[in-house]
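The values are calculated or read from the model by the stated rules, or taken from the named source; none is laboratory data. Here the structure is a predicted model, which means the values were calculated and not measured. Here the Cβ is made from the backbone with ideal geometry for all residues, glycine too, and neighbour counts use every protein chain on show.
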Amino acid sequence: MNVERYQSAKKLYATLGVDTDAAIETLKNIPISIHCWQGDDVTGFDHEGPLTGGIQATGNYPGKATNVQELMKDLDKAISLMPGKKKLNLHASYAVFEEGEHVDRDKLEPKHFQKWVDFAKERSMGIDFNPTFFSHDKVKDGLTLSSPDDKTRKFWIEHGKACIRISQYMAKETGVPCIMNIWTGDGYKDIPADRMGPRLRYKDSIEQILSEPYDKNLVKPCVESKVFGIGVEAYTVGSSEFTLSFAATHDGCLPLMDNGHYHPTEFVSDKIPSLLCFFPEIALHITRPVRWDSDHVVLFDDETKEMAKEIVRCNGLERVYMALDFFDASINRIAAWTIGFRSWQKALLNALCTPNVLFTEMQNQERLTELMMMQEELKTFPLGDIWAQYCNESGVCPDAGWFEEIKKYEEEVLNNR
């Protein structure tokens, strides 16, 4: 029956010039980076204190990963329920130390991530990487790379340089370029007396980090903006204007947009084509902001669909690095990973099954009434049948049946932690 339904859906899409077989084959080869921090509420392994620095995971669902073995096991379970190509996205705070060893973040080495590299290589995955500029006692008065304290800045600059070296190691070992994202929660709770000074220090700090030698074919450094955070509500050093300007004026540095890091009336889907006019490559952190950067699990909602559409119709699949970024501690964490990953893949499939050439032709010929009508008609096309075919070809459950695996894993593994 599934085969018959797919053939029927395939014929219907073909009336609009859409080749669903080609869409499925394309989707199979689009890498999506899975963030490790959903599995343990962004806790990491290099400190025992609370999560601080403008980030907060809410909820207390049982069974979170408490060590690298548990986190890898949970990732494996989630990956088994996801169709398509994956990368692994790590934060520096997930360094793995030998028993009795502890190295501060400015002294991290590639060897502290060897277990993650082995994990990725065994699963034919590349790795993306993030310096961790939060949850540390050297975050001085809420500042890191923009701090007026020279010792504080020096520590975090050295951390960034160490992460450049680690990123290159990861790329060499996996054979896949590493996207290394620089984001800090630096800012002020109330109105600052000086807005420019912290940004000049931040600029200088990132330039010092990027002075560390690296192969630009292997390491893709990014700068990520944020509109505000917990405890930095009035002023954020790394604003959108700052990071875009920095990336535009520093060769090889990419802008990274997190769609939770903007004002509620801004849409990253509209920003994607603007940036692709000027940047050879860009990066995305894909989340779901409900009130602000609340990092809710990605759903198959309107803005998620629009972001995927813009990537596809701008011919950006080879130019946009896509990574998920959410952390919900109120629901089963493995289900959260799976729902978010599958939702973004559905959005990409929806975009690949959109007759973009036909719709662009209608727009350029000013057949705008017809365009609106066809865009609405497409919303009730049987995308679910195309999705089912894609999942079947990828060897994963196409429907809600995958959740039975989650319930079994929760009962047998998570509830015993």
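Miscellaneous remarks
- Qualifying residue in the range 140-163 (condition: closer than 18 Å to K111 by Cβ and of a type in the set (S, T, Y)): no
Let's see how each residue does on (1) of a type in the set (D, E, K, R); (2) surrounded by 19 or more Cβ atoms within 10 Å (Cβ to Cβ):
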| position | (1), (2) |
| --- | --- |
| M322 | no, yes |
| R333 | yes, yes |
| W337 | no, yes |
| N350 | no, yes |
| M372 | no, no |
| T380 | no, no |
| N392 | no, no |
| A400 | no, no |
| E405 | yes, no |
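- The listed residue being among the β-branched types (V, I, T) and closer than 20 Å to L12 by Cβ, out of T360, T380, T338: T380
- Residue in the range 218-230 that is at pLDDT 95 or above, among the aliphatic types (A, V, I, L, M) and either more than 17 Å from L145 (Cβ to Cβ) or surrounded by fewer than 21 Cβ atoms within 10 Å (Cβ to Cβ) (or both) present: yes
- Looking across the range 105-136 at every residue that is among the acidic types (D, E) and touching a residue at least 12 places away in the same chain (Cβ under 8 Å), the one that is nearest to D74 (Cα to Cα) is identified as D128.
- Residue within the range 324-341 that is in contact with an Asp or Glu (Cβ under 9 Å, 6 or more places away or on another chain) and over 25 Å from F129 (Cβ atoms) present: yes
- The C-beta contact set for the range 11-28 (first residue surrounded by 13 or more Cβ atoms within 10 Å (Cβ to Cβ), second residue of a type in the set (F, W, Y), distance under 6 angstrom, 6+ apart or interchain) comprises T20/Y13; I24/Y390.
- Residues that are among the hydroxyl-bearing types (S, T, Y) and closer than 24 Å to L317 by Cβ number at least 2 in the following helices (runs of 4 or more DSSP H) confined to the range 345-417: 383-394.
- Taking the range 1-106 as the region of interest, the helices (runs of 4 or more DSSP H) fully inside it that hold 3 or more residues being more than 22 Å from A162 (Cα to Cα) and within 22 Å of the chain's Cα centre (by Cα) are 20-28, 68-79.
- Any hit, the range 268-278, residues being under 21 Å from T304 (Cβ atoms), in contact with a helix residue (DSSP H, G or I) (Cβ under 6 Å, 6 or more places away or on another chain) and surrounded by fewer than 20 Cβ atoms within 10 Å (Cβ to Cβ): yes
- Positions within the range 147-168 being under 21 Å from T243 (Cα atoms), of a type in the set (S, T, Y) and more than 24 Å from the chain's Cα centre (by Cα), in sequence order: S147
- Some residue of the range 365-383 being more than 15 Å from the chain's Cα centre (by Cα), within 30 Å of L254 (Cβ to Cβ) and not small (G, A, S): no
- Every condition in (1) exposed (fewer than 15 other Cβ atoms within 10 Å of the Cβ); (2) assigned to a helix (DSSP H, G or I) holds for R342 except the one numbered (1).
- Residue that is modelled with the lowest pLDDT, among those in the range 18-47 that are of a type in the set (D, E) and under 30 Å from P131 (Cα atoms): D46
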